[in-house]
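What follows is a short report on a single structure.
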Amino acid sequence: MNHVIVGAGPAGVIAAENLRKLDRSAGITLIGEEPEAPYSRMAIPYLLAENINEEGTHLRHGAGHFDKLNVDVRQGRVASVAADKGEVTLEDGSSLSFDKLLLATGSHPVRPPIAGMDLDNVESCWTLEDARHIINKTKKGDKVVLMGAGFIGCIILEALVARGVDLTVIEMEDRMVARMMDKTGGDIIKAWCESKGVKVLTSTRVDAVEQSGSGLHLTLNNDDKGLDADLVVCATGVKPNIAFLDGSGIETATGIKVNNFMETSAASVYAAGDVAEGPDFSTGGYDVHAIQPTASEHGRIAARNMAGHKTPYRGSLVMNVLNTLGLISSSYGLWDGAEGGDESIAVDPERSSYLRLNFKDDKLVGSLSLGLTQHVGVLRGLIQTEVPLGAWKDRLMEDPHLIMHAYLERTQGVLQHP
């Protein structure tokens, strides 16, 4: 059996390791397009903040890790897939045959279609090479503009603050982290960042970036003066890497469509990670969940099925946990509410504290929180296990902070008397 894995991120690496556990004799080839050892993009901000070195971003640190597993790691970019022939062709013209193929090609950053985004001092923050550029181009006190205050943008935000730059964040939406926080939560995060010396402009659009002397000038939709910057970092979103599948016959939409065995529409071809449009735990539909926990689980499940151990995937849960300059935020599941459901809210903006629980009947289906550090895992657990809360639902409607009491009684049988 010959397995080929395209993509050397968490999904690809975990799939390779699990395939080797399940089949000691199979051929396994892992193809990564970057000239780096397999690494985690989520570690890049720690590199920018100088908390780790480049080796600290690597997914595996043991010397000869992949050699010991007899996994052939290659560099290259796949140009096309011929599923009917069991063959992938690389951009250098070489080809590899496969019995089973896993596509774990991840995503790429996208920039808004405005003038000046190709200037030298406009950087993405997606690869190790991007990080090297930002490190070389920033020093303490430099004026830096961060475009985008989503999940990835807020992680980069913290790293840039650690570098001591004069930071301005620009976000088109009316709040920060709009895909994991409602307006109340997003506004609290904005106020927190501003209290730490970061300028945050929400409901603001960059219309153009121009060279201005040795720096840059940004034209804004709502400020005639605009902004000057030494560097612009763009974190305005990502899209799955699926262009190489044009003409392959493999079905794609936002990402590569997979079923609950991580199988694509082509026989013997699987997909995992940020590129896979797979089952959603909360909605029962299909979606791309570009987060590392989902990528890791995708890789494990795909490997089992590739090795002949039929294993269904329950679906990925929307989950985000973020540390923004010391303020912990989280959201799980249907955090913005279920149709016909109920919600319970406790908010204290002065203390940067917020807890929102969303219910469908007597089950917790979604949550978001700010400033909650002790029981975040409980929220996720109750959502994923779909435990009926019974009378505890009414108590939580009155006080959502009793969530730990509800968890202990409904899952552990420990009677609670709050």
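The values are calculated or read from the model by the stated rules, or taken from the named source; none is laboratory data. Since the model is a prediction, treat every value here as computed from it, not as a measurement. Here the Cβ positions follow ideal geometry from the backbone for every residue, glycine too, while neighbour counts run over all protein chains shown.
Structure values in brief
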item: Selection status of L364, aliphatic (A, V, I, L, M) and within 23 Å of the chain's Cα centre (by Cα); result: no
item: Pairs where the first residue, in region 20-39, is closer than 22 Å to R304 by Cβ and the second is of a type in the set (G, A, S) and in a strand (DSSP E or B), C-beta under 8 Å, 6+ apart; result: P38/G32
item: Given (1) crowded, with 20+ Cβ neighbours inside 10 Å; (2) under 23 Å from the mean Cα position of the chain (by Cα), number of the condition T373 does not satisfy; result: (1)
item: Residues located in region 158-212, provided they are buried (at least 17 other Cβ atoms within 10 Å of the Cβ) and in a helix (DSSP H, G or I); result: E158, A159, L160, V161, G185, G186, D187, I188, I189, K190, W192, C193
item: Selection from region 55-89 of residues that are over 29 Å from A43 (Cβ atoms), touching a helix residue (DSSP H, G or I) at 6+ places or on another chain (Cβ under 9 Å) and of a type in the set (V, I, T); result: V81
item: Residue within region 334-343 that is over 22 Å from G278 (Cβ atoms), outside the structural domain of G185 (by TED's automatic domain parsing) and touching a helix residue (DSSP H, G or I) at 6+ places or on another chain (Cβ under 8 Å) present; result: yes
item: Test: residue in region 338-352 that is surrounded by fewer than 22 Cβ atoms within 10 Å (Cβ to Cβ), closer than 29 Å to A104 by Cβ and not β-branched (V, I, T); result: no
item: Qualifying residues in region 277-301 (those that are of a type in the set (A, V, I, L, M, F, W, C) and closer than 19 Å to T105 by Cα) - the one surrounded by the fewest Cβ atoms within 10 Å (Cβ to Cβ); result: I291
item: Lone qualifier among R356, R304, R395, R410 - being surrounded by 15 or more Cβ atoms within 10 Å (Cβ to Cβ), in contact with a strand residue (DSSP E or B) (Cβ under 6 Å, 6 or more places away or on another chain) and of a type in the set (K, R); result: R356
item: Failed item in (1) of a type in the set (D, E, K, R); (2) in contact with a Ser or Thr (Cβ under 8 Å, 6 or more places away or on another chain); (3) not assigned by TED's automatic domain parsing to the domain that holds R395, with R300 passing the rest; result: (2)
item: Options K199, K100; residue that is in the same structural domain as A83 (by TED's automatic domain parsing) and among the basic types (K, R); result: K100
item: Hits in region 364-379 (condition: of a type in the set (S, T, N, Q) and farther than 14 Å from L396 by Cα); result: S369, T373, Q374
item: Given (1) at pLDDT 95 or above; (2) over 22 Å from the mean Cα position of the chain (by Cα); (3) not polar (S, T, N, Q), number of the condition I189 does not satisfy; result: (2)
item: All helices (runs of 4 or more DSSP H) inside region 355-418 with 3 or more residues being in contact with a Lys or Arg (Cβ under 6 Å, 6 or more places away or on another chain); result: none
item: Top-ranked residue of region 99-121 - restricted to ones that are over 18 Å from G86 (Cβ atoms) and among the acidic types (D, E), ranked as surrounded by the most Cβ atoms within 10 Å (Cβ to Cβ); result: D120
item: Given (1) within 19 Å of the chain's Cα centre (by Cα); (2) within 26 Å of A82 (Cβ to Cβ); (3) touching a residue at least 60 places away in the same chain (Cβ under 8 Å), index of the condition T254 fails; result: (3)
item: Pairs, first of a type in the set (D, E, K, R) and modelled with pLDDT of 95 or more in region 293-315, second in a helix (DSSP H, G or I) and surrounded by fewer than 21 Cβ atoms within 10 Å (Cβ to Cβ), C-beta under 6 Å, six or more apart; result: R300/N18
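Conditions (1) outside the structural domain of D280 (by TED's automatic domain parsing); (2) without any contact (Cβ under 8 Å) to a residue 40 or more places away in the chain; (3) closer than 21 Å to T294 by Cα, marked per residue:
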residue	(1), (2), (3)
L364	yes, yes, yes
S369	yes, no, yes
V376	yes, no, yes
G381	yes, yes, yes
E386	yes, yes, yes
G390	yes, yes, no
L396	yes, no, no
P400	yes, no, no
